[in-house]
Structures are given as structure tokens and as C-alpha cells.
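Data block below; observations after.
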Amino acid sequence: MSLGLDPAELLARARSDLRMGAAVVLLSGEEAALVLAAETATAARLADLRALGGVDLALTARR
């Protein structure tokens with residue numbers, strides 16, 4: 001038995017973390033993005049994110 005999460009569990013974990021206002025790191029090869037859901041972001045978390053450097057706002061087609 002492996003204690004590691006499978007891809008479906010990792011996705012569910014990321015969704016849950018985003019819904020509760022936590023940031024999630026998305027990886028694709030050598031690229032990475034720190035993602036935070038705008039609707040659950042606190043002012044303090046957003047300020048901490050901005051302090052890291054360039055910030056982009058991305059909206060999905062559903063928004």
C-alpha cells in the first residue's frame with residue numbers, strides 16, 4: 001500500500017485547498033505557478049502573494 005496520493009486524489013486536494021483559500025503550486029515540467037482562488041483569497045494572503053513578485057489575474061471562460 002502506498003501512502004502517496006494518486007492523480008485523482010492530488011486534484012481533489014488542490015480543489016479543496018483552493019476552496020478554503022489556500023494557495024496551490026501547479027507544476028508542468030520546468031514551469032511552476034503559485035495559484036490562489038480570487039473569491040476565497042484573504043487580504044493578508046493576497047499581500048503575501050504580491051510580495052513574491054509579478055502577479056497575474058487569470059479568469060476562466062465560466063467567469
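Read-outs throughout are calculated quantities, based only on the coordinates presented, and are distinct from any laboratory measurement. Source: prediction; values computed, not measured. As a convention, Cβ positions derive from the backbone with ideal geometry for all residues, glycine included, and neighbour counts pool all protein chains shown.
Name the residues in the range 1-28 that are surrounded by 10 or more Cβ atoms within 10 Å (Cβ to Cβ), of a type in the set (Gly, Ala, Ser) and out of contact with any strand residue (DSSP E or B) (no Cβ under 8 Å at 6 or more places or on another chain), would you?
Those that are surrounded by 10 or more Cβ atoms within 10 Å (Cβ to Cβ), of a type in the set (Gly, Ala, Ser) and out of contact with any strand residue (DSSP E or B) (no Cβ under 8 Å at 6 or more places or on another chain): ALA12, SER16, GLY21, ALA22.
Please go through the range 1-50 and give me each residue that is of a type in the set (Ser, Thr, Tyr) and closer than 20 Å to ARG62 by Cα, ordered by number.
Of everything in the range 1-50, those that are of a type in the set (Ser, Thr, Tyr) and closer than 20 Å to ARG62 by Cα turn out to be SER16, THR40.
Restricting the search to the range 29-44, which residues are part of a loop (DSSP other than H, G, I, E, B) and within 11 Å of the chain's Cα centre (by Cα)?
Residues satisfying the conditions are LEU36, ALA37, ALA41.
Results for (1) part of a loop (DSSP other than H, G, I, E, B); (2) of a type in the set (D, E, K, R), shown as yes or no for each residue.
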residue: GLY4; (1), (2): yes, no
residue: ARG13; (1), (2): no, yes
residue: LEU18; (1), (2): no, no
residue: ALA22; (1), (2): yes, no
residue: LEU27; (1), (2): no, no
residue: LEU46; (1), (2): no, no
residue: GLY53; (1), (2): yes, no
